[in-house]
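K.L.:
One structure, as structure tokens, below. Some questions next.
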Amino acid sequence: MKSCLECEEKIIGREDKKFCSDGCRNAYNNKINKDSTNFMRNINNKLRKNYRILTSLNTEGKSKTTRAKLLSKGFDFEFFTNILQTKTGNTYYFLYDQGYLLLDNDFYMLVKKDI
């Protein structure tokens, strides 16, 4: 007789069943898939916040803004998902498909990558 992976109760039903109920299946998967530490959770929250800020400021797919405006909205320049180095030597920092390029005088070009 098989037992539930979450609560260890007897399983009734199909031979390949792993959980006694949807509640146990959800609880088990939530434990496995949750961020394992506060450190990871905090980083993911900062990435999401930065992404929301860029998305709100870059509605046209390409725009300019200032460092002060980004900072006033809570943007954290230490958190991004990838860097793109162009052939011309420009360095774009991306949060998924939203990116930014440092220009002169603390201005930033905001761009959206076509996916």
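K.L.:
Which one of these is touching a residue at least 40 places away in the same chain (Cβ under 8 Å) and either under 30 Å from Lys113 (Cα atoms) or basic (Lys, Arg) (or both): Leu102, Leu70, Leu84, Leu47?
P.N.:
Just one listed residue meets the conditions, Leu47.
K.L.:
If we keep just the residues of region 51-64 that are among the hydroxyl-bearing types (Ser, Thr, Tyr) and more than 15 Å from the chain's Cα centre (by Cα), which is least open to solvent (accessible area, probe 1.4 Å)?
P.N.:
Among those that are among the hydroxyl-bearing types (Ser, Thr, Tyr) and more than 15 Å from the chain's Cα centre (by Cα), it is Ser63.
Residue by residue, here is whether (1) open to solvent by 100 Å² or more (accessible area, probe 1.4 Å); (2) closer than 29 Å to Tyr96 by Cα; (3) modelled with pLDDT of 95 or more holds:
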{"position": "Cys7", "(1), (2), (3)": "no, no, yes"}
{"position": "Ile12", "(1), (2), (3)": "yes, no, no"}
{"position": "Tyr28", "(1), (2), (3)": "no, no, no"}
{"position": "Asn33", "(1), (2), (3)": "yes, yes, no"}
{"position": "Ser36", "(1), (2), (3)": "no, yes, no"}
{"position": "Arg41", "(1), (2), (3)": "no, yes, no"}
{"position": "Lys46", "(1), (2), (3)": "no, yes, yes"}
{"position": "Lys49", "(1), (2), (3)": "no, yes, yes"}
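The values are calculated or read from the model by the stated rules, or taken from the named source; none is laboratory data. A quick note: this is a predicted structure, and the numbers were derived from the prediction, not measured. Because the Cβ atoms are built from the backbone with ideal geometry, glycine has one as well, and the counts that use them run over all protein chains shown. Just so you know, the surface numbers come from the protein's heavy atoms only, side chains and all, with ligands and any DNA or RNA stripped out. Shrake-Rupley method; radii C 1.70, N 1.55, O 1.52, S 1.80 Å.
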